1. Criterion first (closer than 30 Å to A20 by Cβ, of a type in the set (D, E), surrounded by 13 or more Cβ atoms within 10 Å (Cβ to Cβ) and without any contact (Cβ under 8 Å) to a residue 24 or more places away in the chain) does E85 satisfy it?
2. Can you say whether L33 is under 27 Å from the mean Cα position of the chain (by Cα), within 17 Å of W100 (Cα to Cα) and part of a helix (DSSP H, G or I), as far as the supplied structure shows?
3. With respect to F6, determine if the residue is modelled with pLDDT under 95 and among the aromatic types (F, W, Y).
4. Condition first: under 26 Å from the mean Cα position of the chain (by Cα), loosely packed, with under 14 Cβ neighbours inside 10 Å and farther than 30 Å from F4 by Cβ. Can you find one or more residues in the range 38-53 that meet it?
5. Please go through the range 95-104 and pick out each residue that is surrounded by 14 or more Cβ atoms within 10 Å (Cβ to Cβ) and closer than 19 Å to W31 by Cα.
6. Within the range 1-15, which residues are surrounded by fewer than 17 Cβ atoms within 10 Å (Cβ to Cβ) and in a helix (DSSP H, G or I)?
7. Across the range 105-143, what is the number of residues that are charged (D, E, K, R) and surrounded by fewer than 10 Cβ atoms within 10 Å (Cβ to Cβ)?
Amino acid sequence: MAKFRFAFLLQLSVDRREDASRLMQAAQAAWLLARSKLEQVDGFRNEYRARLANSAQTGMSIGQWRDFQLFLAKLDGAANQQNFEVERLAQEYERRKNEWQECEKKVKAFEALRDRHNQAELRKEGQMEQKLSDEFNSRLGRH
């Protein structure tokens, strides 16, 4: 059987797909971790707002009120910053996923070529075996 002449390119495509897969998985993990951190900040922020509301009902000084407000502002800033990070990492994940999909398309294309090549080679071998068998049988018939 003749060697598939694009075997090197197929292997190169497979290697690139594996690299793209690892990068996509790392991007997804970073994005999920950032989302988890955002959920934690949001939870803490909601808890702190509830404490502020409770403290406001029982009475608090202006200094305490100001401290609560300053801390809530910091939490809001942290939440906004983390939300920005989540969005950035989501875009990075999508970019990596698209790269992986492009690599996957190339691998599939080379695999289709390889499969067609193998089928053609098998047909050639079958035809050659048939030809040899016919020649052998025709010689036996003459003797």
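1. Against the criterion (closer than 30 Å to A20 by Cβ, of a type in the set (D, E), surrounded by 13 or more Cβ atoms within 10 Å (Cβ to Cβ) and without any contact (Cβ under 8 Å) to a residue 24 or more places away in the chain), E85 does not qualify.
2. Answer is no for this residue.
3. Answer is yes for this residue.
4. So in the range 38-53, the residues under 26 Å from the mean Cα position of the chain (by Cα) come out as 38-40.
Filter once more, keeping what is loosely packed, with under 14 Cβ neighbours inside 10 Å: 39-40.
In the following step, the residues that additionally are farther than 30 Å from F4 by Cβ were identified as 39-40.
Scanning the range 38-53, I find at least one residue that is under 26 Å from the mean Cα position of the chain (by Cα), loosely packed, with under 14 Cβ neighbours inside 10 Å and farther than 30 Å from F4 by Cβ, so the answer is yes.
5. The answer is R96, K97, E99, W100.
6. Looking only at the range 1-15, we keep the residues that are surrounded by fewer than 17 Cβ atoms within 10 Å (Cβ to Cβ), and these are 1-3, 5-9, 11-12, 14-15.
Answer for the range 1-15, where residues must be surrounded by fewer than 17 Cβ atoms within 10 Å (Cβ to Cβ) and in a helix (DSSP H, G or I): A7, F8, L9, Q11, L12, V14, D15.
7. 2
Table: residues versus (1) over 18 Å from the mean Cα position of the chain (by Cα); (2) on the phi > 0 side of the Ramachandran plot; (3) of a type outside the set (S, T, N, Q); (4) in a helix (DSSP H, G or I).
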residue: Q69; (1), (2), (3), (4): yes, no, no, yes
residue: R88; (1), (2), (3), (4): no, no, yes, yes
residue: E102; (1), (2), (3), (4): no, no, yes, yes
residue: L113; (1), (2), (3), (4): yes, no, yes, yes
residue: E121; (1), (2), (3), (4): yes, no, yes, yes
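The values are calculated or read from the model by the stated rules, or taken from the named source; none is laboratory data. This is a predicted model, so every value here is computed, not measured. No Cβ is skipped: glycine too gets one built from the backbone with ideal geometry, and neighbour counts run over all protein chains shown.
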